[in-house]
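The values are calculated or read from the model by the stated rules, or taken from the named source; none is laboratory data. Predicted model, so just to flag it, every value in this text is computed and none were measured. We place every Cβ from the backbone using ideal geometry, glycine too, and count neighbours over all the protein chains shown.
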Amino acid sequence: MGFSWTTSDFPKLADPHFIDAVGHLVHARQAEGYQFSMALMGYQALFYEPAFEELVKKETGIERLQTVLHEIRRGSFLKEGADGWELSFRADILVRNEFDTATRKPVGEVDYASDLEYRDQVLYATDEAGLERFRTWCKELGLEA
């Protein structure tokens, strides 16, 4: 059985700077039993209706709207062991690439246009003390938790 906590239980999880800081700490300590993962889930594209694009063209002189494209990843920071925990989240990243509808992927090498936007942050542990353990870990490493 496992236990989980969200931003409503631990509001600091909603702070992107906090998530970034935890990620840096975990990434730097992979040799000490920590794991870092940012698996690609897919892409999210926003295509504009022709009528809207025509309205924008008429009102602004802009010839064409570029499809808005996000790369979607599932991130995970994991501390192994009996005193372990896992921080999991979805990360959306705006990319500058065009979207190829045939391959359902960006055209060319991905060019990032934004920092990560975090969603669905959840802290997991195998016991009820996981949240307090995570908070203690953060404080010991200099994070305000």
ask   = Does E80 fit the bill of being within 19 Å of W137 (Cα to Cα), modelled with pLDDT under 95 and touching a Gly at 6+ places or on another chain (Cβ under 9 Å)?
value = yes
inquiry  = Looking at the structure I just gave you, is E71 under 18 Å from L131 (Cβ atoms), part of a strand (DSSP E or B) and of a type outside the set (V, I, T)?
reply    = no
